[in-house]
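Data block below; observations after.
The values are calculated or read from the model by the stated rules, or taken from the named source; none is laboratory data. Note that the structure is predicted; figures quoted are calculated from it, not measured. Ideal geometry is used to build each Cβ from the backbone, glycine not excepted, and the neighbour counts take in all protein chains shown. Accessible surface is based on the protein model in full, side chains and every heavy atom, while ligands, DNA and RNA are left aside. Shrake-Rupley method; radii C 1.70, N 1.55, O 1.52, S 1.80 Å.
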Amino acid sequence: MKKALSKLHEKKDLAHQGGGSHRIQHQHEKGKLTARERIEVLLDKNSFEELGMLVTHRSVDFGMDQEKYYGDGVITGYGTINNRPVYVFSQDFTVFGGSLSEAHAEKICKIMDLAMANGIPVIGLNDSGGARIQEGVVSLGGYADIFYRNTIASGIIPQISAIMGPCAGGAVYSPAITDLVFMVDHTSYMFVTGPNVVKTVTNESISSEELGGAVTHATQSGVAHLVAENDVECLMAIRNVLSYLPQNNKLTTPVLPCHLGTRELRPELNDIIPDNPQHPYDMKTVIEGIIDRDSFFELHANYAPNIVIGFARIGGRSVGIVANQPAHLAGVLDVNSSKKGARFVRFCDAFNIPLLVLVDVPGFLPGKDQEWNAIITNGAKLLYSFCEATVPRITVITRKAYGGAYDVMNSKHIGADFNYAWPSAEIAVMGAKGASEIIFRKEIAAADKPDEKLREMEQLYAAKFANPYLAAERGYVDEIIEPEITREKLLRSFAILQTKRKSPPTKKHGNIPL
Ligand code: HXC
């Protein structure tokens, strides 16, 4: 037995050495943790159970039969995060650059299948040079096996991708299908084709960072939901975000302890809306005034900032927040903000996370750029996502709710459960100036002083329509509330909606305007 044990330990030691000490040192020099160190940081202490430690590749071409490493470039297994189980794979860049071979893909597929069968989230830590070049089509097949599982698992178990190194070629499509993509600044890259191919095909010179670095994807493409300063920060963000999510689509979200006062007034909310309706304010101040202290986990903070999305807790329970941001482009809805909001609404709906929608929106952004980039189709995505969401849904209109954007932003008509408005709300077809210019065109043209006449008609229109009372008379708004009682109102409203049961009609799937 002694001999057998020592053989086992020798093999395990070798597996722990990955691609060797010089490659590990190189990894550290780049500011990156190794695949195993990342798992240690991500999971609860001593909770990791490894599967497939001794797997090797079966490739023989190009001298590959002479070069084998236990694990074959990916460490897979399960463990816990805050005592809840997760499956994890962590690509080991020190072994063939973390490239994906047939055996490497099989290991990832194995834990994905287990995660699906047991309703447990999957976390992928990506650090890979893409398809194992020595294996050709076999590695392409391995990628496709993973893409297929990502897609089938979508909406059933949460899937989170951390990009912690290169992620090139087809490798980007697995993270793209998952629910969340977190990137590490300066050490991670995602692109379908790298700078060299770009130069050859388009003659464009561009750095990896500019083409597909973390900041690029967090601000320009919207591929990345979050940028972390370093590996540890990224892994901590994953731990944190999981605390808002259920284990799978059949379960509810965790409830964290929350000490509620007898009254939950937040008087500071009464002073947020400026007297001048043209002046901006920061919707994040409203969010902070409503939620459990410091519970906001923002996603896509620097992409389409005219809409704010993220998870928070109210009374210890998770909610997904979608809020117009008047501090950026007046909170207008455009192509990118519509796409950003729509995907988040569907994520929340798939995983039983109630939605809180805060509205201050002057309408959709006009212009050729928007029309040519299909604001029609993209705006419809947000509309469609709200329409089909069956989770508890509450809207608070803080100020403007104009035009089609009123309808889209979780209005009563498209299935919101409770709709509240602050007294500062303006709910109308369009702003008073634009409306007056159209409907009083003749009177204004005939007036001695057209400017004065316009202002007079504007005031008339605003007095009649730029308020929440007509909507309240119709029941489109359930109650007009003092801002300071918003948190208390939401605590009660979300509590009564906890037993909401609504199922969509049976169908294969809808045809969302993609
Ligand atoms: C096999 C690879 C590899 C790969 C890197 N290595 N990528 N081995 N297959 N795809 C190996 C290197 O030979 C090297 O081995 C080690 O990993 C580290 O690589 P370096 O180049 O030294 O590291 P670095 O300078 O940091 O550059 C990293 C890199 C670069 C940017 C990822 O290696 C690179 O460009 N690799 C190729 C990327 C690529 O084109 N992949 C295919 C994409 S197409 P040693 O022994 O020296 O340590 C694709 C199709 C999938 O993925 C389609 C699915 C549908």
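Summary of values
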item	result
Scan of the range 188-212 for residues that are in a loop (DSSP other than H, G, I, E, B), more than 14 Å from the ligand (Cβ to nearest atom) and open to solvent by 60 Å² or more (accessible area, probe 1.4 Å), ordered by number	ASN203, GLU204, SER205
Among the candidates GLU102, GLU135, residue that is touching a helix residue (DSSP H, G or I) at 6+ places or on another chain (Cβ under 8 Å), within 15 Å of the ligand (Cβ to nearest atom), over 16 Å from ALA162 (Cβ atoms) and open to solvent by less than 40 Å² (accessible area, probe 1.4 Å)	GLU135
Any chance ARG149 is away from the ligand (no atom under 11 Å from the Cβ), at pLDDT 95 or above and open to solvent by 50 Å² or more (accessible area, probe 1.4 Å)	yes
Those helices (runs of 4 or more DSSP H) lying entirely in the range 444-508 with at least 2 residues among the aromatic types (Phe, Trp, Tyr) and exposed (fewer than 14 other Cβ atoms within 10 Å of the Cβ)	none
Residues being farther than 17 Å from GLY379 by Cα and aliphatic (A, V, I, L, M) - total across the range 408-428	5
Residue in the range 1-24 that is nearest to the ligand (Cβ to nearest atom), counting only those that are under 16 Å from VAL95 (Cα atoms) and in a loop (DSSP other than H, G, I, E, B)	GLY19
Residue list for the range 152-175, restricted to those being away from the ligand (no atom under 16 Å from the Cβ), assigned to a helix (DSSP H, G or I) and open to solvent by less than 10 Å² (accessible area, probe 1.4 Å)	ALA153
Output for the range 25-49, where each listed residue is of a type in the set (Val, Ile, Thr) and either out of contact with any Ser or Thr (no Cβ under 9 Å at 6 or more places or on another chain) or away from the ligand (no atom under 16 Å from the Cβ) (or both)	ILE39, VAL41
Complete set of residues in the range 323-345 that are β-branched (Val, Ile, Thr) and either surrounded by fewer than 24 Cβ atoms within 10 Å (Cβ to Cβ) or at pLDDT below 95 (or both)	VAL332, VAL335
Check on VAL223, open to solvent by 10 Å² or more (accessible area, probe 1.4 Å) and either without any contact (Cβ under 8 Å) to a residue 40 or more places away in the chain or out of contact with any Gly (no Cβ under 6 Å at 6 or more places or on another chain) (or both)	yes
Considering residues of the range 83-106 that are of a type outside the set (A, V, I, L, M, F, W, C) and in a helix (DSSP H, G or I) only, the residue nearest to the chain's Cα centre (by Cα)	GLY98
Hey, VAL408 among the aliphatic types (A, V, I, L, M) and open to solvent by 80 Å² or more (accessible area, probe 1.4 Å) or not	no
Criterion (within 16 Å of the ligand (Cβ to nearest atom), over 25 Å from the mean Cα position of the chain (by Cα) and not charged (D, E, K, R)) met by exactly one of GLY63, GLY124, GLY52	GLY63
First in the range 152-163 and within 15 Å of LEU245 (Cα to Cα), second anywhere and basic (Lys, Arg), Cβ under 9 Å, 6 or more apart	GLY155/ARG346; ILE156/LYS250
Filter result (farther than 18 Å from GLN278 by Cα and either in contact with a Leu (Cβ under 9 Å, 6 or more places away or on another chain) or of a type in the set (Lys, Arg) (or both)) within the range 438-463	PHE440, ARG441, LYS442, ILE444, ALA447, LYS449, LYS453
Single unsatisfied condition, PRO267 versus (1) over 29 Å from ARG501 (Cα atoms); (2) open to solvent by less than 20 Å² (accessible area, probe 1.4 Å)	(2)
Residues located in the range 25-35, provided they are under 24 Å from ILE238 (Cβ atoms) and either surrounded by fewer than 20 Cβ atoms within 10 Å (Cβ to Cβ) or without any contact (Cβ under 8 Å) to a residue 12 or more places away in the chain (or both)	HIS28, LYS30, GLY31
Single residue of GLY170, GLY155 found to be out of contact with any Ser or Thr (no Cβ under 6 Å at 6 or more places or on another chain) and more than 25 Å from THR253 (Cα to Cα)	GLY170
Residue match in the range 112-121 (condition: open to solvent by 20 Å² or more (accessible area, probe 1.4 Å), in a loop (DSSP other than H, G, I, E, B) and more than 16 Å from the ligand (Cβ to nearest atom))	yes
Which listed residue, of THR76, THR56, THR80, is among the β-branched types (Val, Ile, Thr), in a strand (DSSP E or B) and open to solvent by 20 Å² or more (accessible area, probe 1.4 Å)	THR80
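Residue-wise test of (1) open to solvent by 10 Å² or more (accessible area, probe 1.4 Å); (2) in contact (Cβ under 8 Å) with a residue 24 or more places away in the chain.
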position: ILE273; (1), (2): yes, yes
position: ASN276; (1), (2): yes, no
position: MET283; (1), (2): no, yes
position: VAL308; (1), (2): no, yes
position: PHE311; (1), (2): no, yes
position: ILE321; (1), (2): no, yes
position: PHE347; (1), (2): yes, yes
